[in-house]
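Okay, structure first, notes after.
A short reminder: the numbers here are calculations on the coordinates, not readings from a lab. This is a predicted model, so every value here is computed, not measured. As a convention, Cβ positions derive from the backbone with ideal geometry for all residues, glycine included, and neighbour counts pool all protein chains shown.
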Amino acid sequence: MTAPTKPPHTVPAPGSPGSPVDGTHLHTPVIAWFDTHARDLPWRHPEAGPWGVMVSEFMLQQTPVSRVLPVYEQWMARWPRPADLAAEAPGEAVRAWGRLGYPRRALRLHGAAVAITDRHGGDVPSDHAQLLALPGIGEYTAAAVASFAYGRRHAVLDTNVRRVFARAVTGVRYPPNATTAAERKLARALLPEEERTAARWAAASMELGALVCTAKSEACHRCPIAGQCAWRLAGKPEHEGPPRRGQTYAGTDRQVRGKLLAVLREAHTPVPQAALDRVWHEPVQRARALDGLVADGLVEPLPGGRYRLPLT
DNA sequence: TAAGCGTGGTC
DNA sequence: TGACCAAGCTT
């Protein structure tokens, strides 16, 4: 391995060694903007509590707010504490998940509720490492719950924040496909020292990406930091580098899984094989999709070729 | 590291 | 109209 030679006359990229990144010039305007423009979302109310925050974070993984809202309300009314969900069959979580998509999240949220009940006395932990150990919680969600529910100081790096940083600080239209070490380092460097301010900054920078600095139609005229945005000041250069990989869906196993599970969600008695066979004409793919659902624990096969959502 | 995993809205 | 996108996680 040859050590790369550092070009002698280049300015260090923001967040790189030797480049002091101080976010104070961003914190104040973004937090002030958040104070007047933040959406009134139920999981931001004090009564939502840590469990409400956690439920919302699971549901919001790759799913828009507008579709989460009604399911969230029903969910919290039915299972106001982790122990309430833990006492249910996992299939009930999958059913209540409805059409939010990625139903493995429902199974993992149920698993997390069981773990919280067993290991944490029924209280959502505030410690990042303990959160990370729960099923369905990765780096982002652990930081989000610790920050939003408990006011802890964590870099909360979701797709919105990554885009805001890419533009405002790094000066490019889009962040890399996958989160890089440089992005994590930058996010940590920009984190306000004070715990309360850091938590506020996390929510505010995220909201800015969700409402103003969006992927397709950035609204710089409404942006509190437009005057200091590196990307805008550079003339909004187009995206360079590898194309952002899109998601395919039509004709995939994913689509077939969705159709199969929709039948099982609606049914309240075991479903015969023939009913499932109707959702997809191609038998090989259909069988593969069903096997996958069973392997994932989303579907429970019964003797006699019948199926249902999992009871255990 | 990259692929797999749902669903529906938007332009 | 179809490609893109939406508060990611797991393997």
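Choose one of A:210, A:239, A:90: the residue whose Cα lies farthest towards the positive end of the charge dipole of chain A (beta-carbon charges +1 Lys, Arg; -1 Asp, Glu; about the Cα centre).
Of the listed residues, the answer is A:239.
Give the share of C-alpha pairs in each 5 angstrom bin for the stretch A:42-150, from 0 to the last occupied bin, in whole percents, shortest bins first.
Each 5 Å bin holds this share of Cα pairs: 2, 14, 26, 29, 21, 7, 0.
Roughly speaking, what is the stretch gain from residue A:295 to residue A:273, that is 0.36 nm per residue apart minus the C-alpha to C-alpha distance, in nm to one decimal?
On the way: separation 22, 0.36 × 22 = 7.92 nm, distance 1.69 nm.
Length difference between fully extended and current span is 6.2 nm.
So between residue A:66 and residue A:118, what do we pick up on full extension, going 0.36 nm a residue minus the alpha carbon distance? Let's see the in-between values first.
Working: separation 52, 0.36 × 52 = 18.72 nm, distance 3.27 nm.
So the extension gain works out to 15.5 nm.
With the radius of gyration and the Kirkwood radius both derived from the Cα set of chain A, what is their ratio Rg to Rh? Walk me through the numbers on the way to the answer.
Working: Rg = 22.3 Å, Rh = 21.7 Å.
Expressed as Rg/Rh, it is 1.03.
Between residue A:129 and residue A:39, how high is the FRET efficiency from 1/(1 + (r/R0)^6) when r is the Cβ-Cβ distance and R₀ = 30 Å? Nearest 0.05.
Values: r = 30 Å, r/R0 = 1.01.
That pair, residue A:129 with residue A:39, gives E of 0.50.
Compute the long axis of helix A:253-266 from its Cα atoms, compare it with the longest principal axis of the Cα atoms of chain A, and write down the angle in degrees, 0 to 90, nearest 10.
Compared with the principal axis, the helix lies near 60 degrees.
For chain A, with only Lys/Arg (+1) and Asp/Glu (-1) charged at the beta-carbon, what is the dipole magnitude about the Cα centre, in debye rounded to 20? The partial results should precede the final answer.
Working: 38 positive and 29 negative charges, 167 e Å.
Roughly 800 debye for chain A.
How big is the dipole moment of the stretch A:109-159 about its Cα centre under a simple scheme where the beta carbon of each Lys and Arg is +1, that of each Asp and Glu is -1, and everything else is neutral? Debye, nearest 20, please.
Working: 3 positive and 5 negative charges, 20 e Å.
My answer is approximately 100 debye.
Over every pair of different alpha-carbon atoms in the stretch A:137-191, take the mean of 1/r and invert it; report that Kirkwood radius in Å.
On the way: mean 1/r = 0.0868 Å⁻¹.
Roughly 11.5 Å, rounded to one decimal.
Charges only on Cβ, +1 for Lys and Arg, -1 for Asp and Glu: so what's the dipole of the stretch A:253-302 about the Cα centre, in debye to the nearest 20? If you can, show how the numbers build up before the last one.
Numbers: 7 positive and 7 negative charges, 31 e Å.
Around 140 debye, computed over the stretch A:253-302.
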